[in-house]
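Working notes, beginning with the structure itself.
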Amino acid sequence: MVRSLLRILTGCQRFATSPSVYPHACPFTWLSFRSSFMRTMVTLPFSFPLKPRDFSLPNSSWNAEMMRLYDYYNSQCEVENEAGEKQRGPWRRVPSYNRTLKYATGGAYLSKLIQSKNRLFTRSIKPTGAAFEYVIFINKEEQRSVCIFQAGHLLEGPPGHVHGGAIATMIDSVTGAHAAFLSGAVMTANLTINYRRKAGKLSFPVK
């Protein structure tokens, strides 16, 4: 029994000190194990964030129109009944993370351990306002969804306008999120888009 525990603790020590698994320096919690035969000490990382960053929440790059629409639909997520009590409304804001793994329980931990450099395409750009800024609201009762989208300067196609591929990406993302919310995990089999006019103008950051 003692030997088995020592093997487990030794494995944890190798795991915690492996640069490929945990590349960034951080505080560690020390654990000690004592037996009648020997004593060993290992380190385990316990500084993972408890909650991943939710990219669907407002940030300083959002323009006034995007904030207006966000406030409107967000106010429909919680309403007051006749007694003046707060209750869940017909709309729900869909959280958005930079990895699909983070939707799972303990996803912030899993994301650090499994292919930690991978990122969701629409959430892969760190500077706020540079690429895809969006939030999705879904009404399950009416089977409707609304996406508020602001394109950054890195999504340019024709000069000063959004690239058609970026628009297709958002259409794919919204329809996928809508279907997944209503019926479970899905994947796009076919996506056909006929563009009737050039895309909207880009939203450039204010300096």
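Taken together, the values in this text are just the output of simple stated rules run on the coordinates, not laboratory data. Note that this is a predicted model, so its numbers are computed, not measured. Heads up, the Cβs are rebuilt from the backbone with ideal geometry, glycines too, and the neighbour counts pull from every protein chain shown.
What the table below lists for this structure:
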quantity	calculated
Long-range HN-HN contacts of SER96 with modeled amide H, under 5 Å	PHE55, SER56
Spin-label zone in segment 60-95 - amide nitrogen under 16 Å from a point set 7 Å from the Cα of ALA130 along the C-beta vector	60-62
Charge-dipole axis of segment 76-207 as Lys and Arg at +1 and Asp and Glu at -1 on Cβ define it, positive-most pick from LEU120, MET187, PRO90	LEU120
Exceeding the 27 Å Cα-Cα cut-off - candidates LYS102/LYS140; LYS86/LYS126; LYS112/LYS140; LYS102/LYS126	LYS86/LYS126; LYS112/LYS140
Loop sites in segment 66-123: trypsin sites (Lys or Arg not before Pro), DSSP, at most 11 other Cβ within 10 Å	LYS117
In order through segment 84-97: 3J(HN,Hα) via Karplus (6.51 cos²θ - 1.76 cosθ + 1.60), integer Hz, x for Gly, Pro	x, 8, 6, 8, 5, x, x, 9, 9, 7, 8, x, 9, 10
Long-range HN-HN contacts of GLU156 with modeled amide H, under 5 Å	HIS163
Student exercise, segment 65-207 dipole from Lys, Arg, Asp, Glu Cβ charges, in Debye to nearest 20	680 debye
